[in-house]
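Engineer: Quick one: the structure is below, questions incoming.
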Amino acid sequence: MAGSWINGTPVETGDEIHPIINPATGEAVATYKSATPADVDTAVAAARAAFDGWATATPVDRWAVLYKLARLAGEHAEELVAEEVGQTGKPVRLAREFDVPGSIDNIEFFAGAARHLEGKATAEYSADHTSSIRREAVGVVGTITPWNYPLQMAVWKVLPALAAGCTVVIKPCELTPLTTLTLARLAREAGLPDGVLNVVTGDGPDVGGALAGHPGVDVVTFTGSTAVGRKVMAAAAVHGHRTQLELGGKAPFVVFDDADLDAAIQGAVAAALINSGQDCTAATRAIVARELYDDFVAGVADVMSKVVVGDPQDPDTDLGPLISEEHRAKVAGIVARAPGEGGRIVLGGKAPERPGSFYLPTLIADVREDSEAYRKEIFGPVLTVRTFTDDDDAIRQANDTEYGLAASAWTRDVYRAQRASREIKAGCVWINDHIPIISEMPHGGLGASGFGKDMSDYSFEEYLTIKHVMSDITGKVEKDWHRTVFAKR
Ligand code: NAD
């Protein structure tokens with residue numbers, strides 16, 4: 001299998017061989033040769049050379065290629081599912097019902113959106129000029145993606161860029177490059193010109209660092225951890241390049257005393273455990289009214305205890321492994337330290353006895369506000385619970401985090417719901433649900449969760465520049481305003 005995909009061709013120049021480990025078994029599903037910094041140069045040069053042609057392609061031409069890509073991805077859906085399950089260990093049901101169809105829907109959305117891009121209507125804001133707004137593709141996009149939803153994260157970054165007329169160099173996470181490479185291969189099959197989409201594989205600091213700090217890249221977009229996102233931003237800032245960052249999260253899940261308790265319990269377990277909790281919007285901090293607290297904790301423990309942990313290939317499996325042994329050790333460490341900081345482990349808190357980097361669904365009640373488990377992004381199947389005194393306290397606790405990606409409020413009171421949606425600081429606030437996303441609506445956070453949007457028409461802001469065109473409509477040699485310069489004439 002090729003390591004990289006540059007200018008429409010598989011490329012393998014580096015010496016370093018990366019295994020792709022299936023975390024459910026600990027065994028390699030594939031190996032590849034990592035890109036070199038010279039490959040990054042070649043990929044950026046290919047994207048630069050392809051830019052003029054792609055940026056000036058008509059919207060319908062771009063739509064035709066991207067729509068065909070969606071069709072091809074549909075035809076290869078099972079191949080994409082198999083690759084995603086093999087490299088991440090996620091349950092096959094999740095890959096088949098969420099990752100792959102969600103990605104295809106997003107490709108379809110941006111194919112269509114390519115035909116809706118428009119500048120602003122032309123108008124006269126001065127008596128002597130006509131003004132118009134052109135929105136033009138910004139250039140070469142360098143993008144870096146994580147391992148939790150490898151295909152979806154690639155699609156969220158690549159598709160709006162391509163629809164806007166930009167060309168792209170993407171570096172997927174070194175653990176999970178397979179579906180991104182397949183996406184690039186399918187895009188070529190769909191008719192995407194060579195050089196418009198390039199993939200460089202390899203580790204973060206060497207290959208990702210070379211891309212983020214590359215002088216030939218116009219915009220750097222990133223999905224991943226807050227710590228790395230800030231490094232990427234610093235590297236891009238050296239050249240004054242624009243960045244877009246989708247970073248970590250620590251989503252609050254606020255349950256008011258009038259909530260439908262069963263719905264909140266069911267919703268909390270689903271939203272905490274999706275993708276083994278390796279989801280930036282996962283419910284992580286349940287903040288529950290005193291009146292419902294004990295029943296909520298008991299109900300969540302009951303539903304969590306019935307979750308099927310097992311072989312990701314089995315359609316009945318609910319929870320697969322964490323991405324790696326290293327990541328499991330990080331999750332286990334935070335959970336192990338929780339009791340020392342006041343947390344009560346109600347369920348889980350350990351790995352099951354089986355091969356692979358599995359970790360059991362874990363519920364920690366009574367967490368302190370200053371504890372690590374409550375404040376730090378764990379990125380595992382772990383839900384913490386606290387109570388609150390009144391609505392002001394609930395909102396205060398929801399906002400008591402450096403992150404601001406997602407949140408939910410559970411209530412049957414329309415005024416409480418409106419207050420929560422207004423006052424909770426996050427890129428998305430769900431009411432009586434937590435997790436659903438949709439291609440037409442934006443995803444992206446604030447604070448330590450980053451800035452800028454993926455999905456929806458809003459994401460085009462990252463990939464377009466706004467140009468004001470001001471045309472004289474008088475035909476005069478001496479314009480009226482020249483009097484301010486040539487007073488004596
Ligand atoms: P990570 O930050 O470790 O890695 C992300 C990517 O950055 C990988 O491709 C990695 O190789 C690369 N990288 C690492 N060091 C680099 C460097 N010095 N320079 C350039 N690139 C470098 O994140 P991860 O562990 O892969 O993913 C989990 C994180 O991603 C979590 O924090 C999660 O919340 C976040 N995430 C956020 C969103 C969102 O939309 N906000 C979505 C998914 C995941």
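The values are calculated or read from the model by the stated rules, or taken from the named source; none is laboratory data. Keep in mind it's a predicted model, so treat the numbers as computed, not measured. Please note: Cβ atoms are built from the backbone with ideal geometry, for glycine as well, and neighbour counts cover all protein chains shown. Areas reflect the complete protein model, heavy atoms only, side chains present, ligands, DNA and RNA absent. Shrake-Rupley method; radii C 1.70, N 1.55, O 1.52, S 1.80 Å.
Engineer: Filtering the range 185-208 down to residues that are more than 29 Å from GLU118 (Cβ to Cβ) and of a type outside the set (D, E, K, R), which residue is most open to solvent (accessible area, probe 1.4 Å)?
Structural biologist: The selected residue is PRO205.
Engineer: A further question follows. Filter the range 436-460 down to residues that are open to solvent by 20 Å² or more (accessible area, probe 1.4 Å) and more than 14 Å from the ligand (Cβ to nearest atom) and give me whichever is farthest from ILE265 (Cα to Cα).
Structural biologist: The residue in question is ASP457.
Engineer: Please go through the range 29-44 and give me each residue that is among the small types (Gly, Ala, Ser) and within 26 Å of the chain's Cα centre (by Cα), ordered by number. Quick ask: steps written out before the conclusion?
Structural biologist: Taking the range 29-44 and keeping what is among the small types (Gly, Ala, Ser), we get 30, 34-35, 38, 43.
Correct list: ALA30, SER34, ALA35, ALA43.
Engineer: When you go through VAL138, VAL100 one by one, which is the residue that is modelled with pLDDT of 95 or more and over 30 Å from VAL85 (Cα atoms)?
Structural biologist: Details: VAL100 fails: over 30 Å from VAL85 (Cα atoms).
Of VAL138, VAL100, the one residue that is modelled with pLDDT of 95 or more and over 30 Å from VAL85 (Cα atoms) is VAL138.
Engineer: Across the range 3-34, what is the total count of residues that are over 25 Å from GLY191 (Cβ atoms) and of a type in the set (Gly, Ala, Ser)?
Structural biologist: Number satisfying all stated conditions: 6.
Engineer: THR387 passes all but one of (1) within 12 Å of the ligand (Cβ to nearest atom); (2) assigned by TED's automatic domain parsing to the domain that holds PHE358; (3) among the polar types (S, T, N, Q); which number fails?
Structural biologist: (1)
Engineer: Quick check on this structure: which one of ARG96, ARG62, ARG115 is crowded, with 20+ Cβ neighbours inside 10 Å and either over 23 Å from TYR463 (Cβ atoms) or in contact (Cβ under 8 Å) with a residue 24 or more places away in the chain (or both)?
Structural biologist: Numbers: ARG96 fails: crowded, with 20+ Cβ neighbours inside 10 Å; ARG115 fails: crowded, with 20+ Cβ neighbours inside 10 Å.
That would be ARG62, the only listed residue that is crowded, with 20+ Cβ neighbours inside 10 Å and either over 23 Å from TYR463 (Cβ atoms) or in contact (Cβ under 8 Å) with a residue 24 or more places away in the chain (or both).
Engineer: In the range 91-113, what residues are within 15 Å of the chain's Cα centre (by Cα) and among the aromatic types (Phe, Trp, Tyr)?
Structural biologist: The one that is within 15 Å of the chain's Cα centre (by Cα) and among the aromatic types (Phe, Trp, Tyr): PHE98.
Engineer: A further question follows. Is one or more of the residues making up the range 415-435 among the charged types (D, E, K, R), outside the structural domain of ALA163 (by TED's automatic domain parsing), in contact with a helix residue (DSSP H, G or I) (Cβ under 8 Å, 6 or more places away or on another chain) and surrounded by 19 or more Cβ atoms within 10 Å (Cβ to Cβ)?
Structural biologist: Yes, the range 415-435 contains a residue that is among the charged types (D, E, K, R), outside the structural domain of ALA163 (by TED's automatic domain parsing), in contact with a helix residue (DSSP H, G or I) (Cβ under 8 Å, 6 or more places away or on another chain) and surrounded by 19 or more Cβ atoms within 10 Å (Cβ to Cβ).
Engineer: Can you name the number of the only condition in (1) closer than 30 Å to ALA164 by Cβ; (2) aliphatic (A, V, I, L, M); (3) touching a residue at least 40 places away in the same chain (Cβ under 8 Å); (4) outside the structural domain of PHE51 (by TED's automatic domain parsing) that ALA394 fails?
Structural biologist: In the conditions (1) closer than 30 Å to ALA164 by Cβ; (2) aliphatic (A, V, I, L, M); (3) touching a residue at least 40 places away in the same chain (Cβ under 8 Å); (4) outside the structural domain of PHE51 (by TED's automatic domain parsing), ALA394 misses (1) alone.
Engineer: Within the range 229-241, work out how many residues are open to solvent by 60 Å² or more (accessible area, probe 1.4 Å) and closer than 13 Å to GLY450 by Cα.
Structural biologist: 3
Engineer: Can you find a residue in the range 262-272 that is under 17 Å from the mean Cα position of the chain (by Cα), within 16 Å of the ligand (Cβ to nearest atom) and closer than 22 Å to ASP393 by Cα?
Structural biologist: Looking through the range 262-272, none of the residues is under 17 Å from the mean Cα position of the chain (by Cα), within 16 Å of the ligand (Cβ to nearest atom) and closer than 22 Å to ASP393 by Cα.
Engineer: When you scan the range 66-93, how many residues do you find that are surrounded by 23 or more Cβ atoms within 10 Å (Cβ to Cβ) and out of contact with any Asp or Glu (no Cβ under 7 Å at 6 or more places or on another chain)?
Structural biologist: Selection size over the range 66-93: 10.
Engineer: Output the residues belonging to the range 412-437 that are in a loop (DSSP other than H, G, I, E, B) and not acidic (Asp, Glu).
Structural biologist: Those that are in a loop (DSSP other than H, G, I, E, B) and not acidic (Asp, Glu): ARG412, ILE424, LYS425, ALA426, GLY427, ASN432, HIS434, ILE435, PRO436, ILE437.
Engineer: Next up: Taking the condition of being over 22 Å from the mean Cα position of the chain (by Cα) and under 15 Å from ASP105 (Cα atoms), how many residues in the range 68-84 meet it?
Structural biologist: 5
Each row is one residue, and each column tells you yes or no for (1) under 31 Å from the mean Cα position of the chain (by Cα); (2) not polar (S, T, N, Q); (3) not in a strand (DSSP E or B).
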| residue | (1), (2), (3) |
| --- | --- |
| MET441 | yes, yes, yes |
| SER459 | yes, no, yes |
| ILE466 | yes, yes, no |
| LYS476 | no, yes, yes |
| HIS482 | no, yes, yes |
| PHE486 | no, yes, yes |
